[in-house]
1. Output the residue which, of all residues in the stretch A:128-149 that are among the polar types (S, T, N, Q) and buried (at least 20 other Cβ atoms within 10 Å of the Cβ), is nearest to the other protein chains (Cβ to nearest Cβ).
2. Conditions: (1) within 27 Å of A:A142 (Cα to Cα); (2) hydroxyl-bearing (S, T, Y); (3) more than 10 Å from every other protein chain (Cβ to nearest Cβ); (4) without any contact (Cβ under 8 Å) to a residue 24 or more places away in the chain. B:T11 meets all but one. Number of the miss?
3. Pick from A:A78, A:A14, A:A46: which is free of Cβ contacts under 8 Å to residues at least 40 places away in the same chain, open to solvent by less than 40 Å² (accessible area, probe 1.4 Å) and farther than 30 Å from B:G33 by Cα?
4. For residues that are outside any loop (DSSP other than H, G, I, E, B), small (G, A, S) and under 18 Å from A:Y147 (Cβ atoms), scanning just the stretch B:19-59, find the one that is nearest to the other protein chains (Cβ to nearest Cβ).
5. When you scan the stretch A:81-121, how many residues do you find that are without any contact (Cβ under 8 Å) to a residue 12 or more places away in the chain, open to solvent by less than 40 Å² (accessible area, probe 1.4 Å) and closer than 19 Å to A:I32 by Cβ?
Amino acid sequence: MSEHEKFAWASLVASAAVWAFFGMRLTDGGQILDVGVRHLVWTYVATVVLMAVTHSVIAAVLAARRRGIAFKDERDNAIEARADRIEGYVVVGAINVLVIHALADAAYADHALPRFDLSSLPTLVFALITTLFAGHIVKQVATIWMYRA
Amino acid sequence: MTAAGGRGRVTNRIRRLREAAGLTQAELAERVGATRQTIIAVEAEKYAPSLELAFRLARAFRTPFETVFHYEE
């Protein structure tokens, strides 16, 4: 298994764990809680710090094991570029879903889509951060898949 | 990251040439500036190398390019 694939596996697990922490801070029983701004800011900062710390630790552990910087060749770069592109598609797709949902909410009060109020700050923060996590997680899955295909 | 794209397919004789030269995948990777995983993928024809890497591979075996790589329609 290449170093980059190992990093993708570790990043996948770490990102899922940090997203679970983020979700637990903002939801209860599948419902987004109406929390205050202080709680939101603390949760956001903690999530960013956790992502930075976990990924720094993963990179440091992998670097210590191989005693140096991982060499990246053309295949690694090609896989990374494709995974970045797929991540972009996911983020763009998710943002469009949010926009369509907001428009449907405004235009058709009795629409059949799942209900969530994007005018509420906790819901908006949850939706946007979850979109970023979804993009990142899909990128890691795509990276692993391409290394194994 | 497959070698097959469109109508044609790039095949290669890298495994045979490498074994004939008595090289390991890691040694060949070091000679051509690639990772061992990339050599494995190229040998398995799961990854079609760039023109630059393909020339470096041919040069590593001191053989003409077309002896190493073959394009099948």
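The values are calculated or read from the model by the stated rules, or taken from the named source; none is laboratory data. Nothing here was measured: the structure is a model prediction, and the numbers come from that model. Don't worry about glycine lacking a Cβ; one is built from the backbone with ideal geometry, like all the others, and counts go over all protein chains shown. Ligands, DNA and RNA are excluded from the accessible area calculation, which covers all protein heavy atoms including side chains. Shrake-Rupley method; radii C 1.70, N 1.55, O 1.52, S 1.80 Å.
1. Only one residue tops the list, namely A:T143.
2. Failed condition: (4).
3. A:A46
4. B:A41
5. Residues flagged as without any contact (Cβ under 8 Å) to a residue 12 or more places away in the chain, open to solvent by less than 40 Å² (accessible area, probe 1.4 Å) and closer than 19 Å to A:I32 by Cβ within the stretch A:81-121 amount to 2.
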